Structure formats: C-alpha cells, structure tokens
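A short write-up of the structure that comes next.
The values are calculated or read from the model by the stated rules, or taken from the named source; none is laboratory data. What you see is a predicted model, and the numbers here were worked out from it, not measured in a lab. As a convention, Cβ positions derive from the backbone with ideal geometry for all residues, glycine included, and neighbour counts pool all protein chains shown. Surface areas here come from the heavy atoms of the whole protein model, side chains and all, with no ligands, DNA or RNA. Shrake-Rupley method; radii C 1.70, N 1.55, O 1.52, S 1.80 Å.
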Amino acid sequence: MHQSTIDPQEVAKFEAMAAEWWDPNGKFKPLHMLNPCRLDYITSQIAAEFGRDLSAERPFEGLRLLDIGCGGGLLSEPMARLGATVVGADAAAGNLPVAQLHAEKSGLVIDYRHTAAESLAEAGEQFDVVLNMEVVEHVSDPLGYMTACQMLLKPGGLMIASTINRNPKSYMMAIVGAEVIMRWLPKGTHEWKKFITPDELYALIEKAGLSPVDRKGFVFNPVLWTWSLSARDLSVNYVTASTKPS
C-alpha cells in the first residue's frame, strides 16, 4: 500500500471553502486574479515542449493532462477548452461536485476524481503534462509527493509546479497581506514554515527524477492590481517547468 502524502488538516481547509471556487470576489479572489498569468505560463510551456501552435483552435488535442489539486477546476477547464484530455484530481472530496457541476454547465468533459497523486501513480496512470500548482506547500511529504508526480509523467512529459517562496517578504505578502489585511483567505490557510524556496524546489524536482528547465516569478503590482511574470523576481510566488527524461 502506498504512503499517502495527504495532510488531512490541509484538505479540511479547502473543503470548507469549496462552494466559493467560482466566485471571483470570494475566498479564491487571489487565484482568479493570478489565473490569467498562470495560464499564460502554462500554455506557453506546453506549446514549446510539444511543438503546438497556440493560435490553433484546439492546440492541445491528443495530450493527456493531469491537474493535481484541481480544486474547483480553474485550470482544468481552460486546458479542456484547448483540447487536452483532462483528469482533475483533488484530495478534498467537497471540491469535486463544484468542479463537475461547473464543467457540465460549461459543456466540458473533464474526468474529476477524488484521489491522490500516489494512488494514480500506483494505478499506473500516465500523462503528457502534470499541473502541480500551489499543492506542494500543503502536503506532508514533499519529496514523496514529487516522486509520485514524476511517476505519473510519460517519458518526455512536462510538469509545471508553482508554490510560495519562504522568506520575510513572502510571510508579509502571503500571510499578513492576504490573510490578515486583505482577508482574501481565511487565517491559517498557509503555514510559512511549509513554504519552499526555489532552490529547495529544484532539489526536490531533481531528487524525484525530473530535469528542471525553467522558473519564473509571479509578481503582484499593488498599484495596477495585476500579476505579471518575471524572470528575476521569485521572492514570493513562483513557477517551475521540468521534464521527465525520455
């Protein structure tokens, strides 16, 4: 039997917010604001890795994609619209009816499952792309979790993983700013000690058997109230791309 890296307390936090996934002004407002920037990075990395033309109608046709920690489907849905065959997996059962209902209303076919990365890996599931966005800071064993993600990739596959850096600035922005001052997230959503530096994440990725190929920062501009990608500023939110050797 596999060792699960699911942290029940972390799951409970997100289940409590499940009904608000698609409310752009609700508990997930920060994700809705960040989502265009995340999608820009994800789509450009997939297109580059698999030689796809993003101006085509369904550029990701034929690619099988796993959105692990899919929540309400904020990334699963655009990936399905772009033609990918999408499996959305989440450890929080309460998220899935919300995701399924929204996908059905949107006329999208997405295979949502209440499961963990380790269970999917144990079942021998394989994907061209694994989206692993804002999950690694919520698991009990980051290396075990990353290893499961590596097993889920086909040789030559691509994993995109994002998380939050661990430093005084990230504490002020992600916890004091987002949870206390702006009240975008309930207090206790994040634990600063579970945040992961870019170098630590690269080390985890390499130990899991993947090759890091890129990393960028997601930078929030409080004046313009927008997010953008940065090649230099990885001080708070950041994203990485890595491939499985073929």
Residue within the stretch 42-51 that is surrounded by 23 or more Cβ atoms within 10 Å (Cβ to Cβ), more than 13 Å from the chain's Cα centre (by Cα) and within 25 Å of Ala121 (Cα to Cα) present: yes
Residue tally, condition out of contact with any helix residue (DSSP H, G or I) (no Cβ under 6 Å at 6 or more places or on another chain), without any contact (Cβ under 8 Å) to a residue 60 or more places away in the chain and open to solvent by less than 50 Å² (accessible area, probe 1.4 Å), over the stretch 61-77: 3
Some residue of the stretch 226-233 being in a helix (DSSP H, G or I), open to solvent by 60 Å² or more (accessible area, probe 1.4 Å) and not polar (S, T, N, Q): no
Filtered residues of the stretch 1-48 (kept if of a type in the set (Asp, Glu), closer than 18 Å to Ser76 by Cβ and modelled with pLDDT under 80): Glu15
Residue list for the stretch 192-225, filter: assigned to a loop (DSSP other than H, G, I, E, B) and open to solvent by less than 20 Å² (accessible area, probe 1.4 Å): Phe195, Ile196, Ala208, Leu210
Residue among Leu54, Leu31, Leu82 that alone is open to solvent by 10 Å² or more (accessible area, probe 1.4 Å) and under 19 Å from Glu179 (Cα atoms): Leu31
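Residues are listed down the side, and each one gets a yes or a no for (1) among the β-branched types (Val, Ile, Thr); (2) in contact with a helix residue (DSSP H, G or I) (Cβ under 8 Å, 6 or more places away or on another chain); (3) farther than 20 Å from His32 by Cα:
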{"position": "Tyr145", "(1), (2), (3)": "no, yes, yes"}
{"position": "Gln150", "(1), (2), (3)": "no, no, yes"}
{"position": "Gly177", "(1), (2), (3)": "no, no, no"}
{"position": "Ile181", "(1), (2), (3)": "yes, no, no"}
{"position": "Glu200", "(1), (2), (3)": "no, no, yes"}
{"position": "Asn221", "(1), (2), (3)": "no, no, no"}
{"position": "Ser228", "(1), (2), (3)": "no, yes, no"}
{"position": "Thr243", "(1), (2), (3)": "yes, yes, yes"}
